[in-house]
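Just below is one structure, and these are the notes that go with it.
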Amino acid sequence: MVTEYGKLLRKIRIDHDEILKDMASKLEITAAYLSSIENGKRQIPINMTKTIVAKYKLDDFMADSLLDAEDSIKKNVEINLNTANQSQKTVVLSLARQFEQLSDEQLEKIRQILEE
C-alpha cells in the first residue's frame with residue numbers, strides 16, 4: 001500500500017530527474033530499501049526526512065508536507081537516551097509513562113513549548 005510519504009518521495013525523486021538508485025545512493029540506503037519505504041512496506045529510518053529536506057533543499061511547504069506524511073504513518077518513536085542528561089531522561093520517561101492519560105489541552109501546551 002503506497003503511503004502519502006511514498007508518493008511524496010517519488011515526486012521529489014521525479015522532480016529531481018532521478019531514478020530510485022540515484023536517490024537511494026544520496027540517502028546512503030539500498031534501492032530495494034527505498035522502494036520498500038515508497039511502497040509503505042518498511043518503516044522510515046530515523047532522520048531520513050531531515051536528510052531528504054537538507055539534501056534536496058526542499059522548500060518549507062514540501063518539507064512540512066513530508067514531515068506531516070511521516071507523522072501520519074509513524075507507529076513507534078525511538079529515542080536514544082545514551083547521550084541524554086538526567087533531566088532529559090526524566091522528561092522523556094515521564095512523558096512516555098503518562099502519554100495516554102494526557103488531555104488534548106495538556107498535549108497542546110507541550111506542543112507549543114516544544115515549537116518555541
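Throughout, read-outs are computed from the coordinates displayed, never taken from laboratory work. In this text, all values refer to a predicted model and were calculated from it rather than measured experimentally. Here the Cβ is made from the backbone with ideal geometry for all residues, glycine too, and neighbour counts use every protein chain on show.
Each peptide in 54-62, 17-25, 36-44, 75-83 receives the mean, over its residues, of other Cβ atoms within 10 Å, and ordering these scores from highest gives 36-44, 17-25, 54-62, 75-83. Stokes-Einstein at 25 °C, 0.890 mPa s, Kirkwood radius from Cα pairs: D for the chain in µm² s⁻¹? The calculation lands on 152 µm²/s. Residue ranges 105-116, 89-100 sort as 89-100, 105-116 when ordered by packing (mean number of other C-beta atoms within 10 Å per residue, highest first). For the pair GLU116 and SER94, a Förster radius of 22 Å applied to the C-beta separation gives a FRET efficiency near 0.70, rounded to the nearest 0.05. Residue by residue, the range 83-97 carries 3J(HN,Hα) couplings of 9, 6, 7, 4, 5, 5, 4, 4, 5, 4, 5, 5, 4, 4, 5 Hz when phi is fed to the Karplus relation 6.51 cos²θ - 1.76 cosθ + 1.60 (θ = phi - 60°); x denotes Gly or Pro. Phi angles across the range 104-110 convert, under the Karplus curve 6.51 cos²θ - 1.76 cosθ + 1.60 with θ = phi - 60°, into 3J(HN,Hα) values of 4, 5, 5, 4, 5, 4, 5 Hz, Gly and Pro given as x. Derived scalar couplings between HN and Hα for the range 36-43 equal 5, 5, 4, 8, x, 8, 10, 6 Hz in order, rounded to whole Hz, by the Karplus curve 6.51 cos²θ - 1.76 cosθ + 1.60 (θ = phi - 60°), x for Gly and Pro.
Taking every alpha-carbon pair under 8 Å whose residues sit at least 6 apart, the chain reaches a relative contact order of 23 percent.
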